[in-house]
Amino acid sequence: MKSKFNLSRRSFIFSMVAVAFGIKACQSPTQTEANQTDNNSSVSLYGAGATFPTFLYLRWFNEYNQKNPNIEISYQPVGSAAGIQQFMSNTVDFGASEVTLTADELGQVSQGTLMIPTAAGSIAIIYNLPGIESGLKISRQILPDIFLGKIIKWNDSKIAELNPDVKLPDLPITVVYRSDGSGTTAAFTAHLSAISTQWEKEVGTGLNVKWPTGVAIKDNAGISAQIQQAEGTIGYVEYAFAKQLDLATVAVENKSGQFVEPNNDSTAKALATIKLSEDLTGSVADPDAADSYPIITYSWLLVYKRYEDSQKAKALREVIEWGLTEGQKFGPELGYVPLPSEVVNKASAALSQIT
(Lines give C-alpha, C1' and ligand atoms only; values in the text may rest on other atoms or scores of the structure.)
Protein backbone atom coordinates (compact mmCIF):
# COMPACT_ATOMS: atom_id res chain seq x y z
CA MET A 1 0.00 0.00 0.00
CA LYS A 2 1.12 3.62 0.39
CA SER A 3 4.81 3.77 1.18
CA LYS A 4 4.34 6.77 3.46
CA PHE A 5 2.20 4.69 5.81
CA ASN A 6 3.80 4.45 9.21
CA LEU A 7 3.73 0.96 10.70
CA SER A 8 3.93 2.17 14.27
CA ARG A 9 0.94 4.44 13.66
CA ARG A 10 -0.99 1.56 12.13
CA SER A 11 -0.19 -0.67 15.10
CA PHE A 12 -1.26 2.06 17.49
CA ILE A 13 -4.58 2.65 15.74
CA PHE A 14 -5.50 -1.02 15.57
CA SER A 15 -4.50 -1.44 19.19
CA MET A 16 -6.70 1.52 20.04
CA VAL A 17 -9.67 0.03 18.19
CA ALA A 18 -9.22 -3.49 19.56
CA VAL A 19 -8.37 -2.66 23.14
CA ALA A 20 -9.55 0.81 24.11
CA PHE A 21 -13.20 0.03 23.48
CA GLY A 22 -12.98 -3.09 25.59
CA ILE A 23 -12.27 -1.06 28.72
CA LYS A 24 -14.00 1.85 30.37
CA ALA A 25 -13.41 5.13 28.60
CA CYS A 26 -12.18 6.74 31.76
CA GLN A 27 -9.12 8.47 33.16
CA SER A 28 -7.91 9.32 36.62
CA PRO A 29 -10.29 11.86 38.16
CA THR A 30 -7.67 14.61 38.63
CA GLN A 31 -9.78 17.42 37.21
CA THR A 32 -11.93 19.52 39.49
CA GLU A 33 -14.48 20.55 36.90
CA ALA A 34 -17.93 19.96 38.33
CA ASN A 35 -19.91 17.14 36.86
CA GLN A 36 -23.39 17.90 35.55
CA THR A 37 -24.81 14.99 37.49
CA ASP A 38 -24.71 14.40 41.24
CA ASN A 39 -21.05 14.89 42.19
CA ASN A 40 -21.32 12.30 44.96
CA SER A 41 -22.35 9.47 42.64
CA SER A 42 -20.50 7.50 39.99
CA VAL A 43 -22.38 6.36 36.90
CA SER A 44 -21.26 3.62 34.53
CA LEU A 45 -22.79 3.29 31.07
CA TYR A 46 -22.27 0.31 28.81
CA GLY A 47 -23.03 0.15 25.10
CA ALA A 48 -22.31 -2.05 22.10
CA GLY A 49 -22.87 -2.06 18.37
CA ALA A 50 -21.67 -0.49 15.15
CA THR A 51 -17.99 -0.31 14.24
CA PHE A 52 -18.78 2.53 11.80
CA PRO A 53 -18.53 5.29 14.50
CA THR A 54 -15.62 3.66 16.35
CA PHE A 55 -13.12 6.52 16.12
CA LEU A 56 -15.69 9.17 16.93
CA TYR A 57 -17.18 7.40 19.94
CA LEU A 58 -13.75 6.62 21.34
CA ARG A 59 -12.86 10.30 21.15
CA TRP A 60 -16.21 11.41 22.59
CA PHE A 61 -16.21 9.10 25.55
CA ASN A 62 -12.60 9.89 26.49
CA GLU A 63 -13.13 13.63 26.16
CA TYR A 64 -16.37 13.55 28.10
CA ASN A 65 -14.88 11.51 30.92
CA GLN A 66 -11.99 13.94 31.28
CA LYS A 67 -14.53 16.69 31.97
CA ASN A 68 -16.84 14.44 34.01
CA PRO A 69 -14.67 11.82 35.76
CA ASN A 70 -17.55 10.23 37.66
CA ILE A 71 -19.25 9.17 34.41
CA GLU A 72 -17.62 6.09 32.90
CA ILE A 73 -18.63 4.91 29.43
CA SER A 74 -17.71 1.55 27.93
CA TYR A 75 -18.39 0.69 24.30
CA GLN A 76 -17.85 -2.58 22.43
CA PRO A 77 -17.70 -2.22 18.58
CA VAL A 78 -19.27 -5.60 17.80
CA GLY A 79 -21.22 -4.66 14.68
CA SER A 80 -24.72 -3.28 14.17
CA ALA A 81 -26.49 -6.66 14.20
CA ALA A 82 -24.97 -7.60 17.56
CA GLY A 83 -25.68 -4.13 18.91
CA ILE A 84 -29.35 -4.39 17.97
CA GLN A 85 -29.55 -7.86 19.49
CA GLN A 86 -27.98 -6.76 22.78
CA PHE A 87 -30.19 -3.68 22.94
CA MET A 88 -33.35 -5.73 22.39
CA SER A 89 -32.14 -8.25 24.99
CA ASN A 90 -31.68 -5.42 27.50
CA THR A 91 -28.06 -6.37 28.21
CA VAL A 92 -26.70 -2.87 27.43
CA ASP A 93 -27.57 0.70 28.36
CA PHE A 94 -27.45 1.74 24.71
CA GLY A 95 -26.87 0.19 21.31
CA ALA A 96 -25.49 1.59 18.06
CA SER A 97 -26.34 0.83 14.46
CA GLU A 98 -26.46 2.19 10.91
CA VAL A 99 -29.77 0.34 10.54
CA THR A 100 -32.77 1.51 12.54
CA LEU A 101 -35.17 -0.87 14.24
CA THR A 102 -38.23 -2.16 12.40
CA ALA A 103 -41.75 -1.63 13.74
CA ASP A 104 -41.79 -5.25 14.91
CA GLU A 105 -38.48 -4.83 16.74
CA LEU A 106 -39.62 -1.59 18.35
CA GLY A 107 -42.69 -3.40 19.63
CA GLN A 108 -40.50 -5.90 21.46
CA VAL A 109 -38.72 -3.27 23.58
CA SER A 110 -40.95 -2.77 26.62
CA GLN A 111 -39.06 0.29 27.88
CA GLY A 112 -39.64 2.17 24.64
CA THR A 113 -36.94 3.16 22.13
CA LEU A 114 -35.39 6.32 20.79
CA MET A 115 -33.15 6.22 17.73
CA ILE A 116 -30.83 9.21 17.94
CA PRO A 117 -28.65 10.10 14.91
CA THR A 118 -25.22 10.91 16.33
CA ALA A 119 -22.75 10.39 13.49
CA ALA A 120 -22.67 10.50 9.71
CA GLY A 121 -20.18 9.51 7.07
CA SER A 122 -19.41 7.64 3.90
CA ILE A 123 -18.36 4.13 2.97
CA ALA A 124 -15.10 4.04 1.07
CA ILE A 125 -14.13 1.42 -1.48
CA ILE A 126 -10.53 0.55 -0.60
CA TYR A 127 -8.01 -1.53 -2.53
CA ASN A 128 -4.41 -2.73 -2.62
CA LEU A 129 -2.66 -2.54 -5.96
CA PRO A 130 1.14 -2.20 -6.22
CA GLY A 131 2.13 1.25 -7.41
CA ILE A 132 -1.45 2.54 -7.64
CA GLU A 133 -2.11 4.67 -4.62
CA SER A 134 -4.71 7.02 -6.09
CA GLY A 135 -6.60 7.93 -9.24
CA LEU A 136 -8.45 4.65 -9.73
CA LYS A 137 -11.99 5.10 -11.06
CA ILE A 138 -14.82 2.58 -10.88
CA SER A 139 -18.13 3.12 -12.67
CA ARG A 140 -21.68 2.26 -11.63
CA GLN A 141 -21.54 -0.74 -13.96
CA ILE A 142 -18.13 -2.01 -12.84
CA LEU A 143 -18.66 -1.73 -9.06
CA PRO A 144 -21.48 -4.28 -8.74
CA ASP A 145 -19.87 -6.52 -11.37
CA ILE A 146 -16.71 -6.77 -9.23
CA PHE A 147 -18.67 -7.71 -6.12
CA LEU A 148 -20.82 -10.12 -8.15
CA GLY A 149 -17.66 -11.89 -9.29
CA LYS A 150 -18.28 -11.05 -12.96
CA ILE A 151 -15.07 -9.03 -13.30
CA ILE A 152 -12.23 -11.11 -11.90
CA LYS A 153 -9.01 -9.46 -13.12
CA TRP A 154 -7.66 -6.00 -12.37
CA ASN A 155 -6.59 -5.46 -15.98
CA ASP A 156 -10.04 -6.34 -17.31
CA SER A 157 -10.80 -4.27 -20.40
CA LYS A 158 -13.72 -2.47 -18.72
CA ILE A 159 -11.53 -1.21 -15.88
CA ALA A 160 -8.64 -0.45 -18.27
CA GLU A 161 -10.81 1.62 -20.61
CA LEU A 162 -12.02 3.71 -17.71
CA ASN A 163 -8.47 4.20 -16.38
CA PRO A 164 -6.26 4.71 -19.48
CA ASP A 165 -3.51 6.46 -17.50
CA VAL A 166 -3.27 3.75 -14.86
CA LYS A 167 -1.02 0.72 -15.41
CA LEU A 168 -3.28 -2.02 -14.08
CA PRO A 169 -1.57 -5.25 -12.97
CA ASP A 170 -2.43 -8.71 -14.24
CA LEU A 171 -3.75 -9.76 -10.85
CA PRO A 172 -6.91 -11.55 -9.79
CA ILE A 173 -9.44 -9.43 -7.90
CA THR A 174 -10.08 -10.63 -4.36
CA VAL A 175 -13.24 -9.21 -2.82
CA VAL A 176 -13.18 -8.75 0.96
CA TYR A 177 -16.52 -8.40 2.75
CA ARG A 178 -17.89 -8.32 6.29
CA SER A 179 -18.55 -11.65 7.98
CA ASP A 180 -20.51 -10.10 10.86
CA GLY A 181 -23.89 -8.40 10.75
CA SER A 182 -22.92 -4.92 9.67
CA GLY A 183 -24.58 -1.56 9.18
CA THR A 184 -21.72 -0.69 6.83
CA THR A 185 -22.71 -3.72 4.76
CA ALA A 186 -26.36 -2.66 4.83
CA ALA A 187 -25.55 0.80 3.46
CA PHE A 188 -23.13 -0.54 0.85
CA THR A 189 -25.49 -3.24 -0.41
CA ALA A 190 -28.36 -0.74 -0.49
CA HIS A 191 -26.29 1.32 -2.91
CA LEU A 192 -25.42 -1.73 -5.02
CA SER A 193 -29.11 -2.65 -5.16
CA ALA A 194 -29.96 0.89 -6.25
CA ILE A 195 -27.52 0.85 -9.19
CA SER A 196 -27.73 -2.82 -10.26
CA THR A 197 -30.91 -4.76 -11.00
CA GLN A 198 -28.93 -7.99 -10.96
CA TRP A 199 -27.52 -7.25 -7.50
CA GLU A 200 -30.96 -6.34 -6.19
CA LYS A 201 -32.48 -9.59 -7.49
CA GLU A 202 -29.65 -12.01 -6.70
CA VAL A 203 -28.10 -10.60 -3.52
CA GLY A 204 -30.16 -7.78 -2.09
CA THR A 205 -29.61 -5.57 0.92
CA GLY A 206 -29.10 -6.21 4.61
CA LEU A 207 -26.86 -6.48 7.64
CA ASN A 208 -25.88 -9.88 6.23
CA VAL A 209 -26.13 -11.00 2.61
CA LYS A 210 -25.00 -14.06 0.70
CA TRP A 211 -21.96 -12.73 -1.13
CA PRO A 212 -21.36 -14.25 -4.59
CA THR A 213 -17.58 -14.10 -4.23
CA GLY A 214 -14.81 -13.10 -1.88
CA VAL A 215 -13.30 -13.54 1.57
CA ALA A 216 -15.24 -12.90 4.78
CA ILE A 217 -13.56 -10.77 7.46
CA LYS A 218 -14.95 -9.42 10.73
CA ASP A 219 -15.52 -5.65 11.25
CA ASN A 220 -14.13 -2.51 9.61
CA ALA A 221 -10.74 -2.83 11.28
CA GLY A 222 -10.42 -6.43 10.08
CA ILE A 223 -11.21 -5.57 6.46
CA SER A 224 -8.73 -2.67 6.60
CA ALA A 225 -6.00 -4.95 7.89
CA GLN A 226 -6.71 -7.67 5.33
CA ILE A 227 -6.52 -5.26 2.42
CA GLN A 228 -3.33 -3.68 3.73
CA GLN A 229 -1.71 -7.10 3.80
CA ALA A 230 -2.86 -8.63 0.50
CA GLU A 231 -2.27 -7.27 -3.01
CA GLY A 232 -5.17 -7.46 -5.42
CA THR A 233 -7.82 -7.03 -2.74
CA ILE A 234 -10.81 -4.69 -2.73
CA GLY A 235 -13.36 -4.06 -0.01
CA TYR A 236 -15.46 -1.45 1.77
CA VAL A 237 -15.04 0.34 5.10
CA GLU A 238 -16.31 3.41 6.87
CA TYR A 239 -14.28 6.33 5.49
CA ALA A 240 -12.78 7.13 8.90
CA PHE A 241 -10.82 3.86 8.70
CA ALA A 242 -9.49 4.76 5.25
CA LYS A 243 -8.56 8.24 6.46
CA GLN A 244 -6.94 7.18 9.72
CA LEU A 245 -5.06 4.26 8.14
CA ASP A 246 -4.06 6.06 4.93
CA LEU A 247 -5.71 3.52 2.64
CA ALA A 248 -6.10 3.93 -1.12
CA THR A 249 -9.70 4.77 -2.04
CA VAL A 250 -11.63 4.52 -5.30
CA ALA A 251 -13.28 7.45 -7.08
CA VAL A 252 -16.82 6.09 -7.47
CA GLU A 253 -19.22 7.25 -10.17
CA ASN A 254 -22.26 9.00 -8.72
CA LYS A 255 -25.75 9.43 -10.11
CA SER A 256 -24.68 12.56 -11.98
CA GLY A 257 -21.94 10.65 -13.80
CA GLN A 258 -19.11 12.24 -11.83
CA PHE A 259 -16.26 10.22 -10.31
CA VAL A 260 -15.96 11.30 -6.70
CA GLU A 261 -13.55 10.40 -3.90
CA PRO A 262 -14.92 10.09 -0.36
CA ASN A 263 -14.09 13.14 1.74
CA ASN A 264 -15.87 15.46 4.15
CA ASP A 265 -17.14 17.83 1.45
CA SER A 266 -18.47 15.22 -0.98
CA THR A 267 -20.07 13.30 1.88
CA ALA A 268 -21.74 16.40 3.32
CA LYS A 269 -23.30 17.17 -0.08
CA ALA A 270 -24.74 13.66 -0.24
CA LEU A 271 -26.01 13.68 3.35
CA ALA A 272 -27.89 16.90 2.63
CA THR A 273 -30.21 14.83 0.41
CA ILE A 274 -31.38 12.72 3.36
CA LYS A 275 -34.55 14.05 4.97
CA LEU A 276 -35.09 12.36 8.30
CA SER A 277 -38.60 11.42 9.41
CA GLU A 278 -40.27 12.52 12.64
CA ASP A 279 -38.67 9.57 14.44
CA LEU A 280 -35.25 10.72 13.15
CA THR A 281 -34.73 7.86 10.70
CA GLY A 282 -34.01 7.88 6.98
CA SER A 283 -31.52 7.07 4.24
CA VAL A 284 -30.73 7.66 0.57
CA ALA A 285 -29.19 4.74 -1.32
CA ASP A 286 -28.11 6.74 -4.37
CA PRO A 287 -27.88 10.52 -3.80
CA ASP A 288 -28.45 12.73 -6.83
CA ALA A 289 -26.60 15.85 -5.67
CA ALA A 290 -23.81 17.01 -7.97
CA ASP A 291 -20.26 16.43 -6.67
CA SER A 292 -21.63 14.13 -3.96
CA TYR A 293 -20.09 10.83 -2.91
CA PRO A 294 -22.76 8.18 -3.47
CA ILE A 295 -22.38 5.73 -0.53
CA ILE A 296 -23.37 7.39 2.74
CA THR A 297 -25.25 6.76 5.97
CA TYR A 298 -26.19 8.09 9.35
CA SER A 299 -25.32 6.13 12.47
CA TRP A 300 -27.79 5.99 15.36
CA LEU A 301 -27.60 5.42 19.08
CA LEU A 302 -30.39 3.16 20.31
CA VAL A 303 -31.53 4.23 23.77
CA TYR A 304 -34.42 3.29 26.03
CA LYS A 305 -37.08 5.82 26.91
CA ARG A 306 -37.30 4.48 30.46
CA TYR A 307 -34.47 3.40 32.78
CA GLU A 308 -34.86 1.95 36.27
CA ASP A 309 -31.84 4.01 37.41
CA SER A 310 -32.68 7.73 37.19
CA GLN A 311 -29.02 8.73 37.55
CA LYS A 312 -28.13 6.52 34.60
CA ALA A 313 -30.92 8.08 32.51
CA LYS A 314 -29.73 11.58 33.39
CA ALA A 315 -26.10 10.76 32.63
CA LEU A 316 -27.00 9.24 29.28
CA ARG A 317 -29.02 12.31 28.29
CA GLU A 318 -26.06 14.51 29.16
CA VAL A 319 -23.50 12.38 27.32
CA ILE A 320 -25.57 12.27 24.13
CA GLU A 321 -26.37 16.00 24.29
CA TRP A 322 -22.64 16.72 24.59
CA GLY A 323 -21.92 14.45 21.62
CA LEU A 324 -24.59 16.18 19.52
CA THR A 325 -23.15 19.61 20.29
CA GLU A 326 -19.58 19.87 21.56
CA GLY A 327 -18.64 16.43 20.27
CA GLN A 328 -19.44 17.23 16.64
CA LYS A 329 -16.27 19.31 16.29
CA PHE A 330 -14.14 16.16 16.48
CA GLY A 331 -15.80 14.56 13.44
CA PRO A 332 -14.00 16.15 10.46
CA GLU A 333 -10.47 15.36 11.63
CA LEU A 334 -11.49 11.73 12.17
CA GLY A 335 -13.36 11.25 8.89
CA TYR A 336 -16.96 11.97 9.89
CA VAL A 337 -19.31 14.75 8.79
CA PRO A 338 -20.88 16.99 11.45
CA LEU A 339 -24.65 16.61 11.67
CA PRO A 340 -26.79 19.33 10.06
CA SER A 341 -28.05 21.86 12.63
CA GLU A 342 -31.69 20.88 12.10
CA VAL A 343 -30.84 17.24 12.86
CA VAL A 344 -28.95 18.27 16.00
CA ASN A 345 -31.91 20.36 17.17
CA LYS A 346 -34.46 17.58 16.63
CA ALA A 347 -32.22 14.93 18.19
CA SER A 348 -31.52 17.13 21.23
CA ALA A 349 -35.24 17.74 21.71
CA ALA A 350 -35.92 13.99 21.57
CA LEU A 351 -33.57 13.40 24.54
CA SER A 352 -36.19 14.82 26.90
CA GLN A 353 -38.09 11.55 26.44
CA ILE A 354 -35.38 9.61 28.29
CA THR A 355 -36.49 9.17 31.89
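Here the alpha carbons of segment 64-137 define both size measures, Rg and Dmax, at 18.0, 55 Å.
If you roll a 1.4 angstrom probe over the protein chains with everything in place, what fraction of the accessible area of the chain belongs to carbon and sulfur, to the nearest %? It is 47 percent, rounded to a whole number.
By the rule of a C-alpha distance below 22 Å, with chain neighbours fewer than 8 residues away ignored, the lysines paired with Lys218 are Lys210, Lys243. Across segment 209-351 the C-alpha pair distances fall into 10 Å bins from zero in the proportions 10, 31, 34, 20, 6, 0 percent.
When Rg and the Kirkwood radius Rh are both evaluated on Cα atoms of segment 133-174, their ratio Rg/Rh stands at 0.92. Measuring nothing but alpha carbons in the chain and taking Rh as the Kirkwood radius, the Rg to Rh ratio lands at 0.98. The dipole here belongs to the chain: it is taken about the Cα centre, uses +1 on the Cβ of Lys and Arg and -1 on the Cβ of Asp and Glu, and is about 420 debye.
Per residue, the convex hull spanned by the Cα atoms of segment 75-196 amounts to 137 cubic angstrom. With R₀ set to 45 Å, the beta-carbon distance separating Ser157 from Ala349 gives a calculated FRET efficiency near 0.25. Taking all protein chains into account, the per residue accessible area for the chain stands at 41 Å² (1.4 Å probe). Shape analysis of segment 133-244 places it in the oblate category; the axes a ≥ b ≥ c from the Cα gyration tensor give an a/c of at least 1.5, with a/b not above b/c.
Determine which residues of segment 189-211 fall in the zone a paramagnetic label at Lys150 would reach in this model, i.e. backbone nitrogen under 13 Å from the point 7 Å along Cα→Cβ. The answer is 193, 195-203, whose backbone nitrogens lie closer than 13 Å to the label point. Compared with the alpha-carbon gap, the fully stretched path from Lys210 to Lys137 is longer by 23.7 nm at 0.36 nm per residue. From largest to smallest, the equivalent ellipsoid semi-axes obtained for segment 271-311 from the alpha-carbon gyration tensor read 32, 10, 7 Å.
Loop-located GluC sites (Glu not before Pro) in segment 217-297 (DSSP state other than H, G, I, E, B) with a sparse environment of at most 12 neighbouring Cβ atoms within 10 Å: Glu278. Projecting label points 7 angstrom from Cα along Cα→Cβ for Ala230 and Ser110 puts them 4.6 nm apart.
Centroid-to-centroid, using Cα positions, segment 227-301 and segment 104-125 are 19 Å apart. The alpha-carbon of Lys312 sits under 15 angstrom from the alpha-carbons of these aspartates and glutamates, leaving out residues fewer than 8 places away in its chain: Asp38, Glu72, Asp93, Glu321. Straightening the chain between Gln311 and Ala272 buys 10.5 nm, computed as 0.36 nm per residue apart minus the Cα-Cα spacing.
By the rule of a C-alpha distance below 17 Å, with chain neighbours fewer than 8 residues away ignored, the aspartates and glutamates paired with Lys153 are Asp145, Glu161, Asp170, Glu231. First measure r as the distance between the Cβ atoms of Leu171 and Lys67, then evaluate 1/(1 + (r/R0)^6) with R0 = 56 Å and state the FRET efficiency to the nearest 0.05. So the FRET efficiency works out to roughly 0.65. Using just its DSSP H runs of length 4 or more, each adding -39500 (n - 2.57), the chain gives a mean residue ellipticity at 222 nm of -10000 deg cm²/dmol after division by all residues.
The values are calculated or read from the model by the stated rules, or taken from the named source; none is laboratory data. Worth saying up front: this structure is predicted, and the values here are computed from it rather than measured. Heads up, the Cβs are rebuilt from the backbone with ideal geometry, glycines too, and the neighbour counts pull from every protein chain shown. Keep in mind that these areas ignore ligands, DNA and RNA; they rest on the heavy atoms of the full protein, side chains included. Shrake-Rupley method; radii C 1.70, N 1.55, O 1.52, S 1.80 Å.
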